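Values in this text are rule-based calculations from the coordinates and carry no lab data. Because the structure is a prediction, the values reported are computed rather than measured. Please note: Cβ atoms are built from the backbone with ideal geometry, for glycine as well, and neighbour counts cover all protein chains shown.
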Amino acid sequence: MSKLGIAAVVIFGFIFQAMIPLRALSAEFSVYEVFRSVDLGESDRPPPKDIFINMGSNQGVKKGAVLDVYRKISSFDNLTEKLAGEHVIPVGRIKVIHVDDKTAIARADRFVSMEQEPALLPQAIMIGDLVRQAE
C-alpha cells in the first residue's frame, strides 16, 4: 500500500471515530439487585436496603464514593400511537459501602425532591436504574 493510501486510511479512521458519539462508547452501569434483610423487630427502624451495582473498582469506584441514580422512562404519544421519546430522570444519590473489581454495594444517600423533577413512584431505587459517577 502506498504512503498516500495509508494516509487516506488513517484520515478516514479519524473522521469515522469523530462521528461516533463518545456516550455510545461508554458503558451504562445499573442497579442489578436491591436487598433488604428481614425485619425481626429488634429495632424501631427498618433494616437498610443494600443496592448492588455492576460498577466497581475497575471503573474507579471507591468505598465512600457518591453516585447518581437515574431512571430511563419511555413516553408514548397517544395521539400518534408512537414512541415519543425516552427521558432520563434523576432518582437520587447512593453512597458506596463495599467495592469489588466489577461490582459494588451502596445505600441510599438522598432522593430527588418530587417538586424539582417528574414524580417517580415509588420513590425508591429499583433494579434497572442507571448509575453514574456523581458530578
Straight distance only, please: which lysines reach the Cα of LYS62 with their own Cα at less than 24 Å, same-chain residues fewer than 8 apart left out?
LYS49, LYS95, LYS102
Label 7 Å along Cα→Cβ of PHE35; the range 47-69 residues with amide nitrogen under 19 Å?
47-57, 63-64
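Run the numbers for GLU115 and SER74: contour at 0.36 nm per residue of separation, minus the present Cα-Cα distance, in nm.
Details: separation 41, 0.36 × 41 = 14.76 nm, distance 2.07 nm.
This chain segment gains 12.7 nm when fully extended.
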Span per principal axis, largest first, for the Cα atoms of the range 26-133 (Å):
52, 37, 23
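If the chain between GLU28 and ARG45 were fully stretched, how many nm would it gain, using 0.36 nm times the residue separation less the Cα-Cα distance?
Computed gain between GLU28 and ARG45 is 2.8 nm.
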Under a point-charge model restricted to the Cβ atoms of Lys and Arg (+1) and Asp and Glu (-1), what is the dipole moment magnitude of the range 20-114 relative to its Cα centre, in debye to the nearest 20?
300 debye
